[in-house]
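A short reminder: the numbers here are calculations on the coordinates, not readings from a lab. Just so you know, these numbers come straight off a predicted model, no measurement behind them. No Cβ is skipped: glycine too gets one built from the backbone with ideal geometry, and neighbour counts run over all protein chains shown.
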Amino acid sequence: MTDIYSSYRKDIYTEPADVDIDTLQNLGPLRSMAGVWRGSKGLDVNPKAAGPETQAFVERLELQPIDPQTNGPQLFYGLRYHQHIVKPGEVETYHDQIGYWLWEPATETIIQTLAIPRGQVAMAVGRAAPESKEFELVASRGLTTYGICSNVFLEEAFRTDEYRIKITINDDGTWSYDETTTLVIKGETRFAHTDKDTLIKIGEPALNPLAKAKSAR
Ligand code: HEM
């Protein structure tokens, strides 16, 4: 692949011409993740004072296409997502997460942004070919690109050094994630906070606003 960033640097303002506005047709490896999903085999290992706690969970995960986004010459297609997790049979939120999955076709790069209501945000990055069925993204504390940013309490008590997520697109139309959030708990104990689940489709994705307007014409 050519070094696209060196060509970007020559002109940071001009946006790409002839952008295809149909996001669902341009999501590369993220295409198989678009839609509304349910997971009932989730497994979480989280830190507790008495030691690691393993907890089953169920989740609803919605990933909807957004209009193409440009930063000058840079072009992203993407999905806006909301993940909501409860313990089986319960109402109370166990984990909530929002953000974007982005695909940059020119560099075959995937970005996941995430925000969780613990006062924490992160941005993970990975590379994948458009037809990839497996890909991995990483965010690292201390970086100003693809980093992790926490509130003061978390930074002191449950420092998050790394977030890593591996996605597998399965042949039966489901997909799975396996993620590890590496914490350093006060006193310098490293802790692998892990979460995994397999998602079953319960709804098709909508069209992104521009594609919807075009199809209505
Ligand atoms: C399916 C995904 C996830 C689930 C179900 C989950 C669930 C949990 C649970 C139950 C705890 C313990 C809470 C407590 O005792 O107060 C915890 C702790 C924590 N989680 Fe997650 N988590 C998930 C993903 C993440 C991600 C992606 C991050 C950050 C990148 C993260 C960061 C943390 C941190 C920093 C703590 C320590 C704070 C604490 O224990 O109070 N978690 N998580």
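Take the Cβ atoms of Lys10 and Lys212, set R0 to 30 Å, and the FRET efficiency comes out at 0.30. Rg/Rh, computed from the Cα trace of segment 8-64 with Rh as the Kirkwood radius, has the value 1.28.
When the convex hull of the Cα atoms of the chain is projected onto a plane and the area is averaged over all directions, what value comes out in nm²?
Details: hull surface 56.5 nm².
Answer in nm², one decimal: 14.1.
Taking all Cα pairs closer than 8 Å and separated by 6 or more residues, the relative contact order of segment 1-143 comes to 18 percent.
Between the beta carbons of Gln55 and Val19, assuming R0 = 41 Å, the FRET efficiency works out to 0.40 to the nearest 0.05.
Adding -39500 (n - 2.57) for every DSSP H run of four residues or longer, then dividing by how many residues the chain holds, sets the calculated 222 nm ellipticity at -2500 deg cm²/dmol. Listed by chain and number, the aspartates and glutamates whose C-alpha is less than 19 Å from the C-alpha of Lys10, apart from same-chain residues fewer than 8 away, are Glu104. The gain in end-to-end length when the Val152 to Asp3 segment is fully stretched comes to 49.8 nm, 0.36 nm per residue minus the alpha carbon separation. Between the listed residues Thr93, Leu63, Ile167, the Cα displaced farthest toward the positive end of the dipole of the chain, a dipole computed from Cβ unit charges relative to the Cα centre, is found at Thr93. Rounded to the nearest Hz, the phi-derived 3J(HN,Hα) couplings of segment 69-79 under the Karplus curve 6.51 cos²θ - 1.76 cosθ + 1.60 (θ = phi - 60°) are 10, 10, 10, x, x, 7, 10, 10, 10, x, 10, where x marks glycine and proline.
Beyond 21 Å, what percent of the Cα pairs of segment 108-217 remain?
Tail of P(r) above 21 Å: 50 percent of Cα pairs.
With the simple spin-label model, which puts each label point 7 Å out from Cα in the Cβ direction, the Lys166 to Glu188 separation comes to 3.0 nm. Assuming charge only on the beta carbon of Lys and Arg (+1) and of Asp and Glu (-1), the dipole of segment 43-165 about its Cα centre is about 120 debye to the nearest 20. Close Lys pairs in segment 79-209 (alpha-carbon distance under 26 Å; sequence gap of 8 or more, or different chains): 9. Each Lys and Arg adds +1 at its Cβ and each Asp and Glu adds -1 at its Cβ; summed about the Cα centre, the chain shows a dipole of about 220 debye.
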